[in-house]
Amino acid sequence: MSMQINAPQQEKFSKALFKKILVPFDNSKMSDRAFLHAINLNFSHKIEIIILSVYHSDHGSISFLDYNAHQTIIEKGKLNEIKLKHKKLKEIAKEYGIECRTFVAASSSITQTVMSYIYSTKADLVIMGTRGNGSDRKLMLGSVSLEVSQNSPVPVLLVK
């Protein structure tokens with residue numbers, strides 16, 4: 001039995017579902033893979049990838065960083081490392097003709113910050129690794145992926 005789709009229904013399916021893809025990024029192999037999945041989804045329409053790196057910090061609530069401030073919260077070396085990685089990811093996206101924005105935030109709740117960015121960037125899809133960077137607890141995503149997938153208002157693709 002094949003399913004027939006009439007013209008009005010087919011029009012619903014032809015609209016671009018995912019235009020903005022949020023990729024929480026902790027510089028782990030899993031987050032690299034999540035980014036590559038975002039690149040390789042091969043949509044027939046223009047997409048934008050939004051990369052978000054969240055540093056765990058017990059210094060108050062969400063603090064949006066401008067890369068030059070808050071050097072006391074995040075070690076300068078780690079911040080420079082993530083800046084360089086973001087730059088490389090933007091270059092890769094550009095090679096594929098994909099627009100890419102990057103953000104760094106410090107927060108006492110990584111999950112809350114990811115959820116906040118889903119809303120503020122109007123992301124249509126989240127792609128993230130199932131495990132985070134265990135060696136760098138400041139950037140770890142691990143159980144965050146479970147919380148985000150359970151609470152996100154948009155679909156979440158977990159990459160392992």
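Can you list residues whose amide H is under 5 Å from LEU157's amide H, if they're 5+ apart or on another chain and H is modeled 1.01 Å from N?
Those lying under 5 Å, H to H, from LEU157 are VAL126, ILE127, MET128.
So what does LEU17 come to for accessible area, using a 1.4 Å probe and Å² rounded to 10?
Result for LEU17: roughly 130 Å² accessible.
What are the residues whose amide H is under 5 Å from the amide H of THR102, where those residues sit 5 or more places off or on another chain and H is modelled from the backbone?
Long-range HN contacts for THR102: ILE51.
Would you mind checking which residues have amide H under 5 Å from VAL54's amide H? H placed 1.01 Å from N; only 5 or more apart, or other chain.
For VAL54, the qualifying residues are PHE25, ALA105.
With a 1.4 Å probe and all protein chains left in place, how much accessible area per residue does the range 88-128 have, in Å²?
Numbers: 1950 Å² over 41 residues.
In whole numbers, the range 88-128 has 48 Å² accessible per residue.
Taking 7 Å along the Cα-to-C-beta vector as the label spot, tell me the GLU95-SER108 distance in nanometres, rounded to one decimal.
4.2
I'd like the Karplus ³J(HN,Hα) series for the range 111-118: coefficients 6.51, -1.76, 1.60, θ = phi - 60°, whole numbers in Hz, and an x wherever there's a Gly or Pro.
Per-residue couplings from phi come out as 4, 4, 5, 4, 4, 4, 5, 4 Hz.
Run the 1.4 Å probe and let me know the accessible area of SER116, rounded to the nearest 10 Å².
40
Filter the cross-link list LYS29/LYS160; LYS19/LYS94; LYS78/LYS160; LYS19/LYS90 down to pairs whose alpha-carbon distance in this structure exceeds 20 Å.
Distance filter (> 20 Å) returns LYS78/LYS160.
Tell me the accessible surface of MET30 in square angstrom (1.4 angstrom probe, heavy atoms of protein chains only), to the nearest ten.
Ignoring ligands and nucleic acids, MET30 comes out at about 30 Å².
The values are calculated or read from the model by the stated rules, or taken from the named source; none is laboratory data. Predicted, not measured: the structure shown is a model, and the values here were computed from it. Neighbour counts are summed over all protein chains in view; Cβ atoms, including those assigned to glycine, are modelled from backbone coordinates with ideal geometry. For the accessible areas, the whole protein counts, side chains as well, though only heavy atoms, and no ligand, DNA or RNA atoms are used. Shrake-Rupley method; radii C 1.70, N 1.55, O 1.52, S 1.80 Å.
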